[in-house]
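Single-structure report; data block below.
The values are calculated or read from the model by the stated rules, or taken from the named source; none is laboratory data. Small disclaimer: the values here were computed from a predicted structure and weren't measured. For neighbour counting, all protein chains shown are included, and Cβ atoms are generated from backbone atoms with ideal geometry for every residue, glycine included.
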Amino acid sequence: MTPGKRRRTRALGAGIAALALIVAGGVTFLIRQPPRSDEAARRIVARQHPAPGDLNVVVVTLDTTRADRLGCYGFSGVETPNIDGLAAEGVVFDAATCTVPLTFPSHSSIFTGLVPPHHGVRDNGGFFLDDAKVTLAERLKTAGWTTGAFIGAWVLESKWGLAQGFDTYSDRFDLSRYKVISLGTVQKPGDEVMDDALRWLESVRSRKFFAWVHLYDPHSPYDPPEPFRSRYPRQPYLGEIAYTDKVVGRLLGWLREAGLMERTLVVLTADHGESLGDHGEATHSFFIYDSTTRVPLIVRTPWGWRGRRPAQVSSVDLMPTVLDLVGLPQQPGIDGRSLMRALLDPSADLGHVAYSETYFPRYHFGWQHLRSLRDGQYLYVDAPQRELYDLAQDPGETTNIYDAHRKRAEDLRAALNELGRAGTEATPDRRQLDPDTLQRLAALGYVGNVIDVDPQAVLPDPKAKLKLFQMMNAAKNLAQDKDDLEGAVATMRKVIAEDPGIMDAHLTLGNWLVRLKRPEEAIAAFKQALALKPDDDIALGNLAHILRARGRTQDALEALEVFHTALRVNPSNPQSWYQLATLYLDLGRKGEAEATFREALTANPRMGAAYNGLGVIAFQQARVAEAEGLVAKAIELEPRLRTALYNMGRIREARGDAAGAEQLYRRELETYPDNGRARFNLAQLLRGRGDHAGYLAELRTGIAQAPEFGPCYWYLAREELDGGRLDEAADLARRGLEAQPVSDVAPLGHYVLADVYNRRGEPAKAQEEVSKARKLEAALRKKPPSAL
């Protein structure tokens, strides 16, 4: 043996002597003495696994999933074999806490490693993740991973900012499929999300990939598919959990069948939990107790690391942990810390505290927001009536021990205040929304912008307002789950009687009254909302929509005054300028409309809807080339802007390009199947080229998808009349006139009825319908054609 070899042998012997045995979950692996720092943990992994950068990464986020409703967290009331199997092959964190019990803010934390005060997203709908924030997807894409996201909820649509770094972001939602629309119902079923994800994974399996799969199914309203509905008839939430587990199993099965499981890092977590009645809260968002903030976190590596970890961790720790596991440098300036030490050492005390918050009570009701810190043993909730719970002794948080342990509580409160000290909080990105998004938010149940509250004001404790909050939820359940709008209206009126300052209550009431076709009462509700906040975009938009829909000049003039008042309060609000411009357009005051659209662009130069409006004016004035440029600019700024592709289709038709127009109408309808005008124009193109069956099919689809658009009824009624089917013709004509009594084409409905009555030998009734048609035609000659 050479001296060199002897020296190397002695060195190896010394190294082996320093190794320690670590046993976790029945798997034994060798590391040196447990790492005392994150850097030491990284060195150990680098030695044992020299090419972690070859790993695929899959992150599965389950919406609204309580950790203690999964088998691997000790719950026996539901079958979750796939998630439990993943847990058995990986590391399970028993004390993982989300940052906020709301979908978009929580996911923003998961994928940036930042708490909400530092990424600026504090609520669903209306907040945006700043492009300057660096996401996990951006880091992985830059380092060579192909990236794809497959999401199940509209609140995560790309426009809000989480698409940063993803090559593919699957986020199309069809609102027309829902009988009752609410923020919770607009989703893709898990199997549809997984279909998209698996198609994409199959296409990239030969490359290094990062896939995020978001499954929204456990979110209320709970409506699991069979056989899970029958298995859990009295606990549909558990049925949703079981169904979601089945969907997760499809993903894990594909990874195994593709031979990729041992080359893939799989992380499964949830954005938040669900109260299920704990603390008097039915769902989530209002409080920040463990029922809504304690989430599952499972990390499965190809390296056999298994077992349970008791250390307190946070959802902001996911990003730095993934970066460590794939061998990438840490992202500077984030709040999260890598869990590498805990993965290597089951007994590691990371010393982490987990921050949570909810600004939902403040933004929606003007009540105090809540913040908390959880350190593993204690949970401190900062509220007007401060709370401290010993989780080891009181896991259900039933006994407030703040007075008995004030020193510990105040230490945690001081840490909270340090987190939010001046200069450290991100400015929330609350850029102005486009008109279509505002309309969709209102339809989805997200009503109202942030309530303006004096930062120094002493606000009510949400605990003291719980009964009122429960009444509001009871009203919403009547509307959404039971389709009982009358009962919902009556209950919401009681809420308003008790606290007339809740803006959400007035707006929600107004939306329900619109659906009940009680416009006068709806107008009153929206005006009450505007009395609380005169420049509220959603209240203004809803009021303008209802006044415009009635087609009366007096209503339009009233709406003009509403917007002038709003602009006196906030002259830099582009949404108010835009709505005012559309009113001018309705009144035929095109010069004022054009000037007002330009005011909107001064307030927001990237407002695609304003360019679209200017394009409509140019088109109506036969300035076709100019119109094309303006609408193209609108599409460039907002590729999914409602009516933009439709308007471009009209321009192509005017240029004689029927094929191009048809393609544009079809593209518009892919995103907005309820655009009756696009459907009607497409039908006319098909008729023009001799496709009569296609023409009739599009008219019927128009009635089904856009039931408030009259022309599809009247043209189909004419076809029935020509075929001698008088009853069918009369029914369609009447339904169209009921849906849209004032329309450029509405006289046709009366003429069809007149023809029906003539053929039935009822000339008096026929003449009455002809008179109605002519009176309407005379009124329409004084009114400009509908534009937007």
(request) State which residue pairs qualify: first residue in contact (Cβ under 8 Å) with a residue 40 or more places away in the chain and inside region 191-208, second residue in a loop (DSSP other than H, G, I, E, B) and not hydrophobic (A, V, I, L, M, F, W, C) in any location, beta carbons under 6 Å apart, and separation of 6 or more residues or different chains. (result) Val193/Gly152
(message) If a residue must be hydrophobic (A, V, I, L, M, F, W, C) and within 23 Å of the chain's Cα centre (by Cα), how many such residues does region 74-115 contain?
(response) 8
(message) Quick check on region 651-658. Is at least one of its residues modelled with pLDDT of 95 or more and in contact with an Asp or Glu (Cβ under 8 Å, 6 or more places away or on another chain)?
(response) yes
(message) Could you go through region 535-544 and let me know if any residue there is assigned by TED's automatic domain parsing to the domain that holds Ser572, more than 23 Å from Ala464 (Cβ to Cβ) and part of a loop (DSSP other than H, G, I, E, B).
(response) yes
(request) Determine, yes or no, whether Pro435 is at pLDDT 60 or above and within 25 Å of the chain's Cα centre (by Cα). (result) no
(request) Only one of these is under 21 Å from Asp744 (Cβ atoms), buried (at least 16 other Cβ atoms within 10 Å of the Cβ), in the same structural domain as Asp586 (by TED's automatic domain parsing) and hydrophobic (A, V, I, L, M, F, W, C): Ala522, Ala556. Name it. (result) Ala556
(message) Looking at Pro227 and the list (1) at pLDDT 95 or above; (2) closer than 28 Å to Val322 by Cα, which single condition is not satisfied?
(response) (2)
(message) For Val742, only one of the following conditions fails: (1) of a type in the set (A, V, I, L, M); (2) assigned to a helix (DSSP H, G or I); (3) at pLDDT below 95. What is its number?
(response) (2)
(message) Checking Ala348 against (1) in contact (Cβ under 8 Å) with a residue 60 or more places away in the chain; (2) surrounded by 21 or more Cβ atoms within 10 Å (Cβ to Cβ): exactly one of these is not met. Which one?
(response) (2)
(request) Scan the strands (runs of 3 or more DSSP E) fully inside region 322-390 and keep the ones with 1 or more residues being acidic (Asp, Glu) and either at pLDDT below 95 or in contact with a Leu (Cβ under 7 Å, 6 or more places away or on another chain) (or both). (result) 354-358, 378-382
(request) Go through region 591-609 and give me each residue that's buried (at least 24 other Cβ atoms within 10 Å of the Cβ) and either outside any helix (DSSP H, G or I) or touching a Pro at 6+ places or on another chain (Cβ under 7 Å) (or both). (result) Ala600, Met607, Ala609
(request) Would you be able to tell me the number of residues in region 698-727 that are over 26 Å from Glu670 (Cβ atoms) and not in a helix (DSSP H, G or I)? (result) 3
(message) If a residue must be surrounded by fewer than 24 Cβ atoms within 10 Å (Cβ to Cβ) and part of a helix (DSSP H, G or I), how many such residues does region 205-240 contain?
(response) 7
(request) Exactly one condition in (1) touching a residue at least 24 places away in the same chain (Cβ under 8 Å); (2) not in a helix (DSSP H, G or I); (3) not hydroxyl-bearing (Ser, Thr, Tyr) is not met by Val247; state its number. (result) (2)
(request) Kindly indicate the residue of region 176-198 that is at pLDDT 70 or above and in a loop (DSSP other than H, G, I, E, B) and also nearest to Gln705 (Cα to Cα) among those meeting that condition. (result) Lys188
(request) Look at Arg518 and say whether it is under 22 Å from Trp577 (Cβ atoms), over 26 Å from the mean Cα position of the chain (by Cα) and not hydrophobic (A, V, I, L, M, F, W, C). (result) no
(request) Just give me the residues in region 252-272 being over 23 Å from the mean Cα position of the chain (by Cα) and aliphatic (A, V, I, L, M), in sequence order. (result) Leu252, Leu255, Ala258, Leu260, Met261, Leu265, Val266
(request) Would you point out the residue of region 297-326, among those that are within 17 Å of Val59 (Cα to Cα) and small (Gly, Ala, Ser), that is farthest from the chain's Cα centre (by Cα)? (result) Ser314
